[in-house]
1. Quick one: in region 8-20, which of the residues that are exposed (fewer than 13 other Cβ atoms within 10 Å of the Cβ) and modelled with pLDDT of 95 or more is nearest to residue 44 (Cα to Cα)?
2. Pairs please, first residue from region 43-69 and under 30 Å from residue 27 (Cα atoms), second anywhere and surrounded by fewer than 10 Cβ atoms within 10 Å (Cβ to Cβ) and modelled with pLDDT under 85, Cβ atoms under 7 Å, 6+ apart in sequence or on different chains.
3. Could you check residue 42 against (1) in contact with a helix residue (DSSP H, G or I) (Cβ under 9 Å, 6 or more places away or on another chain); (2) at pLDDT 85 or above; (3) loosely packed, with under 12 Cβ neighbours inside 10 Å and say which number it fails?
4. Could you tell me whether any residue of region 73-80 is more than 30 Å from residue 19 (Cα to Cα), outside the structural domain of residue 13 (by TED's automatic domain parsing) and more than 23 Å from the chain's Cα centre (by Cα)?
5. Tell me, please, whether a residue that is part of a helix (DSSP H, G or I) and within 15 Å of the chain's Cα centre (by Cα) can be found in region 36-43.
6. Among the residues of region 50-64, are any in a strand (DSSP E or B), out of contact with any helix residue (DSSP H, G or I) (no Cβ under 7 Å at 6 or more places or on another chain) and modelled with pLDDT of 95 or more?
7. Out of (1) outside any helix (DSSP H, G or I); (2) within 23 Å of the chain's Cα centre (by Cα), what's the single condition that is false for residue 96?
């Protein structure tokens, strides 16, 4: 039985949107399983988490404001890195942990 677990920020999607999301995810699982017979055994659990529980980059999530701030910080990192690191080790050398 396929089990799909979706975690969302509380209050972002309406009940109808969550039902539509579950139906669409079920369709995707049926497509990948290869038989309509799987539809009745696809489980979709949508969990809504309170905004206080979300963090991005170690900072509390504040909706779209957080996304822009995260983008700005990411852009700043990209701007100071020389070259194009492709592995975790290369990223660690290019941008070491601050102590």
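1. Of the residues in region 8-20, the ones exposed (fewer than 13 other Cβ atoms within 10 Å of the Cβ) are 11-12, 14-17, 20.
Applying the additional criterion that residues be modelled with pLDDT of 95 or more yields 14-17, 20.
Numbers: 14: 16, 15: 14, 16: 15, 17: 14, 20: 11 Å.
This residue is 20.
2. 43/1
3. So the condition that residue 42 fails would be (3).
4. Looking for residues that are more than 30 Å from residue 19 (Cα to Cα), outside the structural domain of residue 13 (by TED's automatic domain parsing) and more than 23 Å from the chain's Cα centre (by Cα), one finds at least one in region 73-80, hence yes.
5. Going through region 36-43, the residues part of a helix (DSSP H, G or I) turn out to be 36-41.
Those still in the list that are within 15 Å of the chain's Cα centre (by Cα) too: none.
So far as region 36-43 goes, no, none of its residues is part of a helix (DSSP H, G or I) and within 15 Å of the chain's Cα centre (by Cα).
6. Looking through region 50-64, none of the residues is in a strand (DSSP E or B), out of contact with any helix residue (DSSP H, G or I) (no Cβ under 7 Å at 6 or more places or on another chain) and modelled with pLDDT of 95 or more.
7. (2)
The values are calculated or read from the model by the stated rules, or taken from the named source; none is laboratory data. Note that the structure is predicted; figures quoted are calculated from it, not measured. A quick note on method: Cβ atoms are made from the backbone with ideal geometry, for glycine too, and the neighbour counts reach across all protein chains shown.
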